[in-house]
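The values are calculated or read from the model by the stated rules, or taken from the named source; none is laboratory data. Model, not experiment: these values are computed from the prediction. Counting neighbours? That spans all protein chains shown, and the Cβs are built from the backbone with ideal geometry, glycine included.
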Amino acid sequence: MPQVQWEWKLTPQILVSLANFLLMAVGVVGIFVKMQADIQTARDAVGKLEILIATMREGQTTMVERVTKVETKVDIMLPAIQRIETNMGRPGR
């Protein structure tokens, strides 16, 4: 079996390979950090949207309640208004 010996020499090829490795490692870490920041930004946006939706839902509920009250009042007043119109439309009165 052949015997392998390592010579501890720093050649330009080793330095370039080491620099490429470091650049790739820094790039991977940078991409990971950027993804984490994007995820956090997305979470913040979702939180704000959830608050906005809840606020809109409350506003719609309030509006529905008000419209229902107005409809009820109109329904109560309508027969009286119809009687008044009927009485005013009769000749001789």
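Does Thr86 satisfy being part of a helix (DSSP H, G or I), of a type in the set (S, T, N, Q), out of contact with any strand residue (DSSP E or B) (no Cβ under 6 Å at 6 or more places or on another chain) and surrounded by 10 or more Cβ atoms within 10 Å (Cβ to Cβ)?
Here the answer is no, as Thr86 does not meet what is asked.
Conditions (1) part of a loop (DSSP other than H, G, I, E, B); (2) among the charged types (D, E, K, R); (3) modelled with pLDDT of 95 or more, marked per residue:
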{"residue": "Met1", "(1), (2), (3)": "yes, no, no"}
{"residue": "Leu15", "(1), (2), (3)": "no, no, no"}
{"residue": "Asn20", "(1), (2), (3)": "no, no, yes"}
{"residue": "Val26", "(1), (2), (3)": "no, no, yes"}
{"residue": "Lys34", "(1), (2), (3)": "no, yes, yes"}
{"residue": "Ile39", "(1), (2), (3)": "no, no, yes"}
{"residue": "Asp44", "(1), (2), (3)": "no, yes, yes"}
{"residue": "Glu50", "(1), (2), (3)": "no, yes, yes"}
{"residue": "Met56", "(1), (2), (3)": "no, no, yes"}
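Is there a residue in the range 3-18 that is surrounded by 10 or more Cβ atoms within 10 Å (Cβ to Cβ) and under 41 Å from the mean Cα position of the chain (by Cα)?
Among the residues of the range 3-18, not one is surrounded by 10 or more Cβ atoms within 10 Å (Cβ to Cβ) and under 41 Å from the mean Cα position of the chain (by Cα), which makes the answer no.
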